[in-house]
Structure formats: C-alpha cells, structure tokens
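Student: There's a structure below that I have some questions on.
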Amino acid sequence: MNFISIQNIDSLDKWVKQALKIKKNPLKNKKLGKNKTLVMLFFNASLRTRLSTQKAALNLGMNVMVMNFGSEGWTLEYEDGAIMNQGASEHIKEAAAVVSQYADIIAIRAFAGLVDKEKDNAEMVISGFLKHATVPIVNMESATGHPMQSLADAITMAEHKTEHRPKVVLTWAPHPRALPQAVPNSFVEMMQKQTEMDFVITHPKGYELNPEITKDSKIEYDQNKAFENADFIYAKNWSNYKEYGQITNSDPNWTVTADKMKLTNNAKFMHCLPVRRNVIVTDEVIDSENSIVIEQANNRTYSAQLVLQTILENVK
Amino acid sequence: MNFISIQNIDSLDKWVKQALKIKKNPLKNKKLGKNKTLVMLFFNASLRTRLSTQKAALNLGMNVMVMNFGSEGWTLEYEDGAIMNQGASEHIKEAAAVVSQYADIIAIRAFAGLVDKEKDNAEMVISGFLKHATVPIVNMESATGHPMQSLADAITMAEHKTEHRPKVVLTWAPHPRALPQAVPNSFVEMMQKQTEMDFVITHPKGYELNPEITKDSKIEYDQNKAFENADFIYAKNWSNYKEYGQITNSDPNWTVTADKMKLTNNAKFMHCLPVRRNVIVTDEVIDSENSIVIEQANNRTYSAQLVLQTILENVK
Amino acid sequence: MNFISIQNIDSLDKWVKQALKIKKNPLKNKKLGKNKTLVMLFFNASLRTRLSTQKAALNLGMNVMVMNFGSEGWTLEYEDGAIMNQGASEHIKEAAAVVSQYADIIAIRAFAGLVDKEKDNAEMVISGFLKHATVPIVNMESATGHPMQSLADAITMAEHKTEHRPKVVLTWAPHPRALPQAVPNSFVEMMQKQTEMDFVITHPKGYELNPEITKDSKIEYDQNKAFENADFIYAKNWSNYKEYGQITNSDPNWTVTADKMKLTNNAKFMHCLPVRRNVIVTDEVIDSENSIVIEQANNRTYSAQLVLQTILENVK
C-alpha cells in the first residue's frame with residue numbers, strides 16, 4: 001500500500017475519525033512500528049512535514065532515518081535508457097531499489113520544478129520511486145499533490161465543524177514567488193470526498209487549476225461573493241497552471257482581510273503554512289481567534305501517523 | 001521553565017553538584033525523558049553543542065529531532081507587522097508556535113550577526129521563540145550568551161578546584177575572524193555567581209565587553225599582571241563591542257604562551273573550543289598536562305543533561 | 001579495535017560466515033548496542049553507506065548521531081604545529097578527542113582529494129582521527145580504501161558462489177568524472193584474502209592501481225581475455241594513479257556490454273553503486289538476471305553490522 005494521493009483514501013470520513021482517535025491517544029500504538037524503519041528523503045526544504053512525520057513515526061515506535069537527498073546524496077537520473085555521462089551520478093532504478101532494502105516505508109518530498117508542466121505532471125521523482133521501490137511510498141508533497149496536508153486539513157475541519165452544512169472556500173491569494181499547485185490540488189480532491197460540505201474555489205480568471213483535478217468543483221471568480229456565508233476560508237497561493245509556473249497576477253485585492261472575513265459566517269481561517277503575512281492574509285485575520293492555522297499544523301502529526309499506521313497494519 | 005541565560009540558574013553551587021552527580025551515573029534518569037521530544041534547531045554550525053546536547057537527551061531517554069533551520073527549512077521574518085513580500089517565507093510567530101506542537105523542549109542556536117549591535121542585543125531569534133513558543137526553550141548559544149558552555153566551565157572548575165580560594169582569569173586572545181561575545185558574556189555572568197573564587201578579566205584597552213554584563217567585575221589591562229598567581233586561565237577571543245563586530249586588535253603578544261603560564265600558580269588552561277592553535281594559545285600550553293579543554297568539552301554533556309533534566313522535572 | 005582496512009579482518013572466511021548469520025537474524029543482538037552511541041561523520045556525500053550503517057547500528061540497538069562535518073561543523077586543520085590564522089577553525093587533535101567523548105564508536109567518510117597523491121596516501125582525515133580519538137574508528141570510505149564495501153562484496157560473492165573454483169574479474173570502465181581508487185583498492189585487498197577464488201584485474205595500460213596494494217595480483221590488459229570464463233565481473237572506474245587523479249582514458253570500448261558478458265561463464269555482474277548506466281555498463285547487463293548489484297547494496301547493512309558488532313564485543 002502506498003500513500004501518494006487523496007485517492008488512496010477509501011473513506012475520508014472513516015480516516016478522519018481514526019485520526020481523531022489517534023490524536024486522543026497518540027502513543028497507543030507505540031509497539032506497532034517496533035524495529036520498523038521509516039526513511040525520509042527530502043529533495044526540498046521542509047519544516048512541518050519534516051518534524052511532524054518524524055514525530056508520527058516516533059509515536060509509533062519506528063526508527064527514522066532522515067536524508068536531504070540533494071545535498072547529502074547523489075544527483076539522480078530519471079530517464080530510461082539515458083547515457084549517464086552528464087551530471088547525474090545514479091539512476092532512480094538503483095536508488096529506489098537500494099533504499100527499499102534499508103526501509104520499511106520510504107517517504108519522499110519532491111516539489112514541482114514549475115518549468116516543464118508535462119514533467120511535473122508525470123511526477124518524475126515519486127513515480128520513479130513507485131516504480132522501482134519494493135516498499136510502500138508516502139508522499140510528503142510531490143509535484144502535483146500534498147495529500148498528508150489535505151488529510152490534516154480534513155481533520156481540522158472536522159474538529160471545527162458547524163452544526164449546519166458548512167461552506168468551505170479555497171481562495172487564491174497573491175505571493176511574490178511562483179508556487180506549485182500541489183496543496184490546492186490535494187485540497188480540492190479532498191473536498192470532493194466531503195459529502196456533507198459545500199465547496200467553492202475562488203481565484204482570478206486565468207488561474208484555473210488543472211481541470212482534470214477540479215472537475216465539476218464550483219469556481220466563483222468574484223472573491224467577495226465566494227466568501228458570503230462561508231464557514232471555512234482556506235487561503236493559498238499557486239502559480240498559473242495554464243501559463244505554467246508564471247506569476248500573471250499579484251493583485252493585492254485578493255489578500256484575505258478582516259473586511260472580507262466579515263462577509264463570511266464567522267468563518268475559520270485556514271492556511272497550510274508557511275504563510276506570507278500581509279500578502280496572503282493580514283495580521284488581523286491570522287492573529288484572530290478564528291484562525292486555526294496552528295491547530296492545522298498540529299494535525300499534521302496525526303495525519304502522518306494515520307498514514308504510517310495504516311501502512312504498517314497492511315504490511316504486517 | 002526556559003534556560004536562556006546564566007541568570008536562570010538559581011544556585012550555581014547546587015547546579016554544579018547535581019551535574020557532577022549526573023556525570024557519575026548518566027543513565028540513572030533514562031526513563032525521565034521517555035516519549036518526550038527534544039527539537040534542536042541550528043541556525044549556525046555546531047560540533048560540541050550538536051553532539052553533546054543530543055547525547056544528553058539520549059541519556060535521558062528522549063527522542064531527538066535535529067534540524068539545520070537555514071538549509072533545511074524556511075527563511076524567517078522577525079518583525080511584527082512586516083509585509084512579507086521579500087525573502088522571508090515564514091514569520092517567527094508561526095514557526096515557533098508550530099514547532100512547539102512537535103516538541104516538549106526546543107533548543108536553539110543562533111549566533112550574533114555582528115553587524116547591528118541593537119539587533120544582536122535584542123536576541124531576535126531566541127526572543128522570538130521565547131515569545132511565540134509554548135514549550136520550554138534552551139539556549140545552545142545565542143547572540144549574547146552561551147550559558148550551557150559556562151555551566152560546563154563551572155563544572156570543570158569544580159572538578160579541578162584548588163584548596164585555597166582560586167583566582168580565575170578570562171583573557172582575550174587574538175583571532176583572524178570577528179567572533180561574538182556570547183561565550184565571554186556567559187562566562188562573566190557565571191563567575192559573578194561564584195562566591196568562592198576571585199575573578200579578573202584581561203583584554204586590550206577598547207575591548208571591553210558590554211558593561212551591563214561585566215558590571216563591577218575586575219578588569220586588568222596588563223595581561224601579565226592578570227596572570228600572576230592565577231589558578232585558571234580561560235582564553236577566548238571576541239570582537240570589539242564598542243566598535244561593534246570589528247577587529248581592532250590582533251596583537252600576537254596576547255597569545256597564551258608557556259612563558260605567560262609561568263606567571264601563574266600552575267594554572268589550568270581552559271577554552272570552549274574550537275580553538276585556533278598558535279594564535280589563541282601555543283601548542284605547548286594546550287598540549288600540556290595543565291590543559292583541561294577536552295574535559296571541558298566532555299562536561300558539555302552533563303551541563304546539557306542537567307538543563308534538560310531540570311526542565312523535564314519542572315514540566316512533569 | 002578499529003576497522004580501517006581489509007587488513008583488520010583476521011579471517012575473511014570466518015567474517016563472511018558471521019555476516020551471513022547476522023543476515024538471517026539481524027535483530028538477534030539488539031541488546032548488544034544498548035546505551036552505546038555511534039557517531040557518523042561525513043566529509044562527503046553518501047547514500048548507501050549513510051543508510052546501511054545507520055540501519056546496522058539500529059539493528060544492534062545503538063543510538064546514532066549523524067553529522068555532515070563540512071556543512072554542519074568547523075573546517076579542520078590537520079598539520080601539527082600549524083599557526084591557525086587561515087581558514088581552518090579547529091585542529092583534528094581537539095575534534096577527534098572531543099567527539100570521542102560523545103561516542104562509543106566513530107565512523108568516518110572522507111574521500112581522496114585526487115590532487116595530492118602523498119596527502120591522500122597519508123589518509124589525513126582518518127589517520128588524524130586514529131591518532132587523536134580515544135574510541136574505535138570505522139572507515140566508511142577513506143582516501144584509499146572502502147573496506148565495508150569490499151566486505152559486503154565478499155558476502156555477496158559467497159551467496160552466489162559456484163561449485164567450481166570461481167574466477168573473479170575486476171574491470172576498469174570509463175566515467176566522465178575523476179574517481180578515487182578506494183573501492184578497487186579494498187576489493188583487491190579483499191580478493192587477496194580469498195583462498196578459493198582466482199582473481200584478475202583488467203584495465204587500460206597506464207591505469208595500474210598502487211602497486212603496493214595490487215602486489216602480485218594478476219593484471220590482464222586485454223579486457224576480452226580477462227572476461228573469458230569469468231564467474232563474477234566487478235566493474236568500477238578509477239582515475240589514473242600514476243598521473244594522479246587524471247582522466248587519461250575514456251574509451252567506451254571498456255564499457256561492460258552484453259557481448260562481453262557472453263565471453264564469461266554466465267558471470268554475475270557486480271558494482272558498488274552509484275553506477276553510470278550506459279557508460280560503466282549497459283542497461284542490458286545491469287538489468288539482466290545476472291546483475292546482483294542491488295543484493296550487494298543490501299549486504300552493506302550486514303557488513304556494517306558485523307563490523308560494529310565485532311567492535312562492541314571487543315570493548316565490552
């Protein structure tokens with residue numbers, strides 16, 4: 001069993017309930033991971049994912065080996081049949097097969113390059129590991145998805161859910177650097193599995209996410225209108241998907257402000273972090289009582305722990 | 001309870017005695033840290049602190065997660081109200097609150113930048129964590145202090161103390177690079193808590209440390225005179241505090257030599273390491289039987305272990 | 001007891017048998033390393049060695065502290081008597097003595113610089129640690145040797161040995177970058193300890209390894225002739241030893257191809273990895289059933305575990 005995408009979750013409702021159980025007693029399964037090893041491979045920077053996934057593994061009694069692949073290992077080649085007389089020292093075929101022998105589970109972070117859409121959509125790194133590894137693979141944010149984040153988001157919403165059917169809004173917001181679509185992609189996929197929530201995506205025209213992911217999810221280009229009566233505002237920047245990896249809009253009117261939050265039904269404010277204050281969201285909003293971003297980050301531990309626990313139970 | 005400064009030590013005498021007890025039986029409290037997690041965040045290079053603090057935590061049975069914040073995480077913003085459209089990706093507010101959720105104790109190393117005195121004195125990084133973290137913070141060398149080093153120094157001196165009231169000399173020595181004042185600052189503060197030792201600081205005129213720290217500690221500008229009848233010579237370079245972060249003196253006459261050691265009362269030679277041989281101190285002195293620098297480094301483990309143990313006992 | 005070279009193995013046959021026992025039940029000695037600490041110091045990149053040595057230590061119940069010395073610590077000085085007013089911050093004398101106090105075993109990786117033959121042959125880094133450390137030292141690939149690799153190679157060959165007396169061929173192959181001789185050196189030394197195998201080295205004229213290592217091992221300059229009736233083909237590039245560290249040959253005719261493998265006695269293909277596909281060896285060969293490179297990497301764990309276990313048993 002791998003955990004690569006929100007699609008690997010059979011029942012979101014069941015998973016969220018299990019995660020909340022784990023949160024109440026995180027050390028209950030301390031013996032499950034005994035003498036099992038998690039190898040975490042980072043091709044990119046990481047704070048929350050690095051620490052929460054490690055913490056989750058330790059809660060399960062696992063051994064953890066962390067490696068920054070870029071700086072500590074060898075440059076990888078991903079092309080089949082490549083004549084390797086250039087920069088890359090090792091082929092993904094060997095790397096994945098070899099690491100599998102030291103690991104019971106391999107977790108991988110490898111961001112989108114945002115230069116070549118086709119390459120990013122092909123998920124070169126994580127697909128390579130999936131193909132050539134012989135142990136379960138966990139996605140710690142790949143080019144197109146960050147499912148452990150979205151699972152944590154679902155857990156957080158379940159903890160704060162309203163009595164009525166909640167309205168959840170994913171809103172684009174400006175950012176000085178070009179960011180991947182991984183987080184919004186997985187959030188959209190997760191929301192599509194929510195049976196008791198209404199979901200709206202709002203972003204400037206032209207900033208549509210991959211339509212194969214958004215499918216028939218509702219898009220509202222008027223941010224104010226989208227915010228009306230919302231119960232959860234999930235802010236996130238992403239770079240342009242059509243004009244791939246470009247920043248074609250940096251309109252500060254899309255920043256989430258206290259005035260905009262007033263349009264909502266006293267909505268909770270969410271963001272996956274790290275967040276650019278006063279660019280994505282004003283201090284007033286993120287510092288308000290309605291901001292649940294820190295609890296969201298806390299739930300990363302239980303999201304990761306559920307994923308690892310589910311895999312360990314499957315390989316037993 | 002935090003451990004940020006020598007001022008967090010209520011009774012130096014009591015702490016030194018406890019550390020010496022720990023040293024005799026370092027695994028005695030192996031259960032105290034069970035299922036507790038130490039997160040170590042490095043904003044700068046580290047050898048002794050990195051390994052001895054980890055070792056101390058392992059002796060207490062803790063889990064340890066080590067992170068080089070600069071290269072593995074995100075650039076932090078420290079200014080309240082900043083519009084984060086420049087280099088920094090994450091605000092200390094979120095970083096500190098988030099890491100607190102994965103840690104029972106956070107230990108931090110963040111050196112002085114030596115460019116902006118006010119900023120360094122404000123202890124931007126460690127103050128930010130103190131303000132926004134929700135778990136105890138341990139100082140692994142901040143801009144202005146290195147209290148776990150000075151505690152190890154106190155332990156080492158207690159092990160080698162003479163029958164008579166010892167004379168301890170902190171002597172400046174030359175160095176090719178501009179170094180922070182953190183180590184001498186904490187050493188001075190620790191010495192001010194020593195009731196049964198005499199203390200003299202010696203350095204070239206103009207190299208005075210922050211007078212708010214040295215207070216009425218004795219300063220003797222004549223190194224030879226300072227060395228007379230000394231029982232401990234503690235050598236350390238620091239850059240100019242008045243002409244902040246500058247090297248205004250590199251006089252090789254301040255190097256600790258065997259001839260100068262002859263002026264002392266057969267003094268022990270101490271240095272926090274790393275040390276520039278034949279610049280700070282000659283080979284002859286550091287390789288002599290009177291050099292206790294290696295034992296000093298050894299005591300870093302017990303200094304850290306006492307700090308962690310005291311915190312763990314307080315949070316129980 | 002240190003493990004620096006193949007020469008530290010008293011009986012290769014006995015060691016290989018012990019390693020195969022460990023492989024069958026790797027957790028049998030889980031208590032041997034309890035409360036013992038392995039410090040792994042990397043002066044160079046590492047994938048297999050980094051993970052397999054850690055894994056081996058965890059199998060033995062040890063604590064592991066991993067440090068990338070270059071980026072996380074201080075630049076070291078190795079010259080006795082140096083006036084340290086240049087780049088290096090710390091002398092190997094202090095570094096080795098200090099790390100010894102936090103470790104029960106120190107494992108070190110420090111590659112050849114390939115600029116100064118004399119310096120590389122002097123094994124500056126590992127010799128410095130050997131001289132100044134006070135705990136056992138393990139070589140995780142030094143300038144001139146990689147004995148844990150060659151021990152893994154011996155284990156792998158023992159698992160695949162033929163009924164008749166096998167013929168083992170170490171063949172040079174081209175590579176775009178200048179590589180050290182550490183792996184072939186240790187492989188040669190290990191083969192010289194094999195009493196029931198025939199051994200041939202093949203490489204272009206001028207690519208002779210250090211004659212003090214190869215001694216009377218057979219050299220055959222005609223690769224095709226060397227391959228005849230071989231049972232094991234061990235491919236590896238190394239840079240020129242005479243014209244030290246230079247690439248004086250990059251002849252693609254030395255690449256191991258399926259046609260060349262046909263000259264052999266259905267030989268197994270071996271390489272220490274990472275390997276440049278279609279430069280060192282064609283895809284066809286390395287992807288064939290006769291390729292045992294992944295099992296070779298797997299045996300790195302048991303090779304390391306035997307080394308650590310032997311040391312732990314000696315220090316008890």
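Student: Read through the list (1) in contact with a helix residue (DSSP H, G or I) (Cβ under 6 Å, 6 or more places away or on another chain); (2) of a type in the set (Asp, Glu); (3) within 14 Å of another protein chain (Cβ to nearest Cβ), then give the number of the only condition that residue B:283 fails.
Tutor: In the conditions (1) in contact with a helix residue (DSSP H, G or I) (Cβ under 6 Å, 6 or more places away or on another chain); (2) of a type in the set (Asp, Glu); (3) within 14 Å of another protein chain (Cβ to nearest Cβ), residue B:283 misses (1) alone.
Student: Checking the condition over 16 Å from the mean Cα position of the chain (by Cα), at pLDDT 95 or above and within 14 Å of chain B (Cβ to nearest Cβ), which residue from C:169, C:115, C:135 passes?
Tutor: Only one candidate passes the filter, namely C:135.
Student: Which residue, of C:90, C:72, is under 27 Å from residue A:38 (Cβ atoms) and acidic (Asp, Glu)?
Tutor: C:72
Student: Next up: Does residue A:55 meet the test of being more than 16 Å from the chain's Cα centre (by Cα), more than 10 Å from chain C (Cβ to nearest Cβ) and surrounded by fewer than 22 Cβ atoms within 10 Å (Cβ to Cβ)?
Tutor: No: the conditions fail for residue A:55.
Student: Looking at (1) surrounded by fewer than 22 Cβ atoms within 10 Å (Cβ to Cβ); (2) farther than 20 Å from residue C:143 by Cβ; (3) not acidic (Asp, Glu), which is the one condition that is false for residue C:8?
Tutor: (2)
Student: Follow-up. Within segment B:245-256, does at least one residue satisfy the condition of being among the small types (Gly, Ala, Ser) and within 16 Å of residue B:182 (Cα to Cα)?
Tutor: Yes, segment B:245-256 contains a residue that is among the small types (Gly, Ala, Ser) and within 16 Å of residue B:182 (Cα to Cα).
Student: Then there's this: With the checklist (1) away from chain C (no Cβ under 12 Å); (2) of a type in the set (A, V, I, L, M, F, W, C); (3) closer than 20 Å to residue B:185 by Cβ in hand, flag the one item residue B:261 doesn't pass.
Tutor: Against the list (1) away from chain C (no Cβ under 12 Å); (2) of a type in the set (A, V, I, L, M, F, W, C); (3) closer than 20 Å to residue B:185 by Cβ, residue B:261 comes up short only on (3).
Student: Where in segment A:106-196 are the helices (runs of 4 or more DSSP H), entirely inside, with at least 3 residues that are aliphatic (A, V, I, L, M)?
Tutor: It comes to A:124-132, A:147-159, A:182-192.
Student: Could you please find all residues in segment C:171-207 being charged (D, E, K, R) and surrounded by fewer than 16 Cβ atoms within 10 Å (Cβ to Cβ)?
Tutor: Within segment C:171-207, C:177, C:196, C:198, C:205 meet the criteria.
Student: To continue, here is another question. Is it the case that segment C:83-99 has a residue that's within 14 Å of chain B (Cβ to nearest Cβ) and in contact (Cβ under 8 Å) with a residue 40 or more places away in the chain?
Tutor: yes
Student: Looking only at residues that are hydroxyl-bearing (Ser, Thr, Tyr) and facing another protein chain (nearest Cβ under 10 Å) in segment B:1-52, which one is nearest to residue C:64 (Cα to Cα)?
Tutor: Selected residue: B:52.
Student: Name the residues in segment C:16-50 that are in contact (Cβ under 8 Å) with a residue 40 or more places away in the chain, of a type outside the set (D, E, K, R) and either part of a loop (DSSP other than H, G, I, E, B) or surrounded by fewer than 20 Cβ atoms within 10 Å (Cβ to Cβ) (or both), would you?
Tutor: Listed by number, the residues that qualify are C:18, C:20, C:26, C:29, C:32, C:33, C:43, C:44, C:46, C:47.
Student: Can you name every one of the helices (runs of 4 or more DSSP H) wholly within segment C:250-316 that holds 2 or more residues which are surrounded by fewer than 16 Cβ atoms within 10 Å (Cβ to Cβ)?
Tutor: Where helices (runs of 4 or more DSSP H) fall fully within segment C:250-316 and carry at least 2 residues being surrounded by fewer than 16 Cβ atoms within 10 Å (Cβ to Cβ), they are C:258-261, C:293-315.
Student: Among the candidates B:262, B:242, single out the residue that is over 22 Å from residue C:73 (Cβ atoms) and without any contact (Cβ under 8 Å) to a residue 24 or more places away in the chain.
Tutor: B:262
Student: How many residues, within segment B:156-166, are within 14 Å of chain C (Cβ to nearest Cβ) and of a type in the set (A, V, I, L, M)?
Tutor: 0
The values are calculated or read from the model by the stated rules, or taken from the named source; none is laboratory data. Keep in mind it's a predicted model, so treat the numbers as computed, not measured. Here the Cβ is made from the backbone with ideal geometry for all residues, glycine too, and neighbour counts use every protein chain on show.
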